[in-house]
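J.: Please read through the structure below; I'll follow up with questions.
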Amino acid sequence: MAEQNSAKERGKIIIRTSIIGIVVNILLAGFKMVVGLISGSIAIVLDAVNNLSDALSSVITIVGTALAGKAPDRKHPYGYGRIEYLSAMIISVIVLYAGITSLVESIKAILAHENPEYSVTTLVIIAVAVIVKLGLGTFFIGTGKKIRSESLVASGTDARFDAIISLSTLVAAIIFVFTGVSLEAYLGAIISLFLIKTALEMLRNTLSQILGERIDSSVSKAVKKTILSVDGVIGAYDLIFSDYGPDRVMASVHIEIPDTFTADKIDVITRRIQEDVFAEHNVMLVSIGIYSVNTKDEKIAKVRNDVSKILSAHDEILQMHGFFVDFERKNIRFDMVVDFAPDRKDVFEAAISEVQEKYPDYNIVANMDSDYSD
């Protein structure tokens, strides 16, 4: 219930912020369009069109947030949270289109050698637009980062660039008024290139999130620390996160516990881990695997030490865990975490061969794990 209320509150903040953006951008677009048509400034007209695209971006953010807030169903049991990433991607495409359009129009203006006509009123309106868009961009980015909304951050980034575009238009207008030299088309072309670059970076980042990124190191380390704080847990490994949208992170983990623990004690430990991790990090542990640690035979310590030395000689092998020796069946079991190197499979097989050579009478049962989180 707490998670549901948090998600609803987050959605309300995004929608409220987006509505403010829509109102501000429509008002700015109206003022700029009138001023641009009166003065004959292509830069101001393009700036007005850009404000309309910003308003459209806010509409997309609202729609995306509403869809992302839909309750999980049979077809999508993990919810619709990733729609927010798709809406951020659409906004990135809109920014890219605006940048390309601005570049084309700026080049046309350069070739046409058209000179605008500015008045004091025009300059004042442009100056006000710079301040308003800069404030709006800062507000969007700050709110977006606070509630982890990529759509708001993308819209805020676009608004900041709008402020820079308006500022360059103002500078060009002042230069023209005092010198008669028209630079606005050239400045428009330069800024358009920066806008295109920013849009491509936004698009790349959003696509990366949709593909699935490595969780932040501070988060994974904090979650492991919480798991290890539970009494009875010796180690925490194979921590894998699945991001189904902002504030919808699920994870799985393997824990090491003594081989003397009974099923009822293991049940208490795993439930405690799930409760603590969710309460402290808002991460839902959907699966907890168990590695049992030999505590009944001192000979195992020597075997473990031998195997550990063999594996640590390979720089690509980052860790060994889940170690267990079955003397009766002649099995040595363990997992090794191998770095994302091109020859990781060769390293894995070479390490197994070395362990097998050390213990030829045993069956080596090893699993190659990936370095999913820190």
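J.: Scan Glu298, Glu316, Glu256 and give me the residue that is among the charged types (D, E, K, R) and over 18 Å from Met336 (Cα atoms).
T.: Working: Glu316 fails: over 18 Å from Met336 (Cα atoms); Glu256 fails: over 18 Å from Met336 (Cα atoms).
Selected residue: Glu298, the only one of Glu298, Glu316, Glu256 that is among the charged types (D, E, K, R) and over 18 Å from Met336 (Cα atoms).
J.: Moving on to the next point. Kindly provide the set of residues from segment 209-263 that are crowded, with 19+ Cβ neighbours inside 10 Å, hydrophobic (A, V, I, L, M, F, W, C) and within 14 Å of the chain's Cα centre (by Cα), ordered by number.
T.: Ile215, Phe241
J.: Let me ask another. Examine segment 321-331 for a residue that is at positive phi, touching a residue at least 60 places away in the same chain (Cβ under 8 Å) and of a type outside the set (Asp, Glu), and state whether such a residue exists.
T.: Of the residues in segment 321-331, the ones at positive phi are 322, 330.
When the remaining residues are screened for being touching a residue at least 60 places away in the same chain (Cβ under 8 Å), the result is 322.
Add one more test, that the residue is of a type outside the set (Asp, Glu), and what stays is 322.
Checked segment 321-331: at least one residue is at positive phi, touching a residue at least 60 places away in the same chain (Cβ under 8 Å) and of a type outside the set (Asp, Glu).
J.: Just checking, does segment 29-44 include any residue being touching a Leu at 6+ places or on another chain (Cβ under 6 Å), assigned to a helix (DSSP H, G or I) and among the hydroxyl-bearing types (Ser, Thr, Tyr)? Give the derivation first.
T.: First, the residues of segment 29-44 that are touching a Leu at 6+ places or on another chain (Cβ under 6 Å): 29.
Checking which are assigned to a helix (DSSP H, G or I) leaves us with 29.
Applying the additional criterion that residues be among the hydroxyl-bearing types (Ser, Thr, Tyr) yields none.
Scanning segment 29-44, I find no residue that is touching a Leu at 6+ places or on another chain (Cβ under 6 Å), assigned to a helix (DSSP H, G or I) and among the hydroxyl-bearing types (Ser, Thr, Tyr), so the answer is no.
J.: Right, another one. For Leu96, work out the one condition from (1) surrounded by fewer than 15 Cβ atoms within 10 Å (Cβ to Cβ); (2) in a helix (DSSP H, G or I); (3) of a type outside the set (Gly, Ala, Ser) it doesn't fulfil.
T.: Every condition holds for Leu96 apart from (1).
J.: Return the residues of segment 129-167 that are surrounded by fewer than 22 Cβ atoms within 10 Å (Cβ to Cβ), more than 30 Å from Asn282 (Cβ to Cβ) and not hydrophobic (A, V, I, L, M, F, W, C); say none if nothing qualifies.
T.: The one that is surrounded by fewer than 22 Cβ atoms within 10 Å (Cβ to Cβ), more than 30 Å from Asn282 (Cβ to Cβ) and not hydrophobic (A, V, I, L, M, F, W, C): Gly135.
J.: Then there is this: Tell me, which helices (runs of 4 or more DSSP H) wholly within segment 148-236 include 3 or more residues that are touching a residue at least 12 places away in the same chain (Cβ under 8 Å) and within 30 Å of Val293 (Cα to Cα)?
T.: Details: elements: 150-179, 184-211, 217-228.
In segment 148-236, the matching helices (runs of 4 or more DSSP H) lie at 217-228.
J.: For segment 366-373, state whether one or more residues are touching a residue at least 24 places away in the same chain (Cβ under 8 Å), crowded, with 16+ Cβ neighbours inside 10 Å, small (Gly, Ala, Ser) and touching a Ser or Thr at 6+ places or on another chain (Cβ under 7 Å).
T.: Yes: one or more hits.
J.: I've got another one for you. In the set Ile83, Ile107, which member is farther than 30 Å from Ser149 by Cβ, at pLDDT 80 or above and among the β-branched types (Val, Ile, Thr)? Full working, then the answer.
T.: Values: Ile83 fails: farther than 30 Å from Ser149 by Cβ.
Sole residue among the options that is farther than 30 Å from Ser149 by Cβ, at pLDDT 80 or above and among the β-branched types (Val, Ile, Thr): Ile107.
J.: Looking at Leu96, Leu103 in this structure, which one is in contact (Cβ under 8 Å) with a residue 24 or more places away in the chain and more than 26 Å from Val23 (Cα to Cα)?
T.: Details: Leu96 fails: more than 26 Å from Val23 (Cα to Cα).
That would be Leu103, the only listed residue that is in contact (Cβ under 8 Å) with a residue 24 or more places away in the chain and more than 26 Å from Val23 (Cα to Cα).
J.: Also: Take the residues in segment 264-285 that are among the aliphatic types (A, V, I, L, M) and under 21 Å from the mean Cα position of the chain (by Cα), then tell me which one is nearest to Ile215 (Cα to Cα).
T.: Taking segment 264-285 and keeping what is among the aliphatic types (A, V, I, L, M), we get 266, 268-269, 273, 277, 279, 283-285.
Subsequent filtering for residues that are under 21 Å from the mean Cα position of the chain (by Cα) retains 277, 283-285.
Details: Val277: 15, Val283: 12, Met284: 14, Leu285: 14 Å.
Taking the candidates together, the pick is Val283.
J.: Answer yes or no as to whether Val337 is aliphatic (A, V, I, L, M), farther than 30 Å from Asp216 by Cα and surrounded by 13 or more Cβ atoms within 10 Å (Cβ to Cβ). Spell out how you get there, then give the answer.
T.: Numbers: aliphatic (A, V, I, L, M): yes; farther than 30 Å from Asp216 by Cα: no; surrounded by 13 or more Cβ atoms within 10 Å (Cβ to Cβ): yes.
Criteria not met by Val337.
J.: Same structure, new question: Does segment 314-371 hold any residues that are among the hydrophobic types (A, V, I, L, M, F, W, C) and more than 22 Å from Lys299 (Cα to Cα), and which are they? Spell out the reasoning first.
T.: In the first step, residues of segment 314-371 are kept if they are among the hydrophobic types (A, V, I, L, M, F, W, C); the result is 317-318, 320, 323-325, 327, 332, 334, 336-338, 340-341, 347-348, 350-352, 355, 364-366, 368.
Listed by number, the residues that qualify are Ile317, Leu318, Val337, Val338, Phe340, Ala341, Val347, Phe348, Ala350, Met368.
J.: Report, ordered by the first and then the second residue, all pairs with beta carbons closer than 9 Å, sequence separation of six or more or different chains, a first member in segment 269-284 that is over 14 Å from Val253 (Cβ atoms), and a second member that is part of a helix (DSSP H, G or I) and not β-branched (Val, Ile, Thr).
T.: Glu280/Ala222; Asn282/Glu3; Asn282/Ser6
The values are calculated or read from the model by the stated rules, or taken from the named source; none is laboratory data. Small disclaimer: the values here were computed from a predicted structure and weren't measured. Note that each Cβ is placed from the backbone with ideal geometry, even for glycine, and that neighbours are counted across all protein chains shown.
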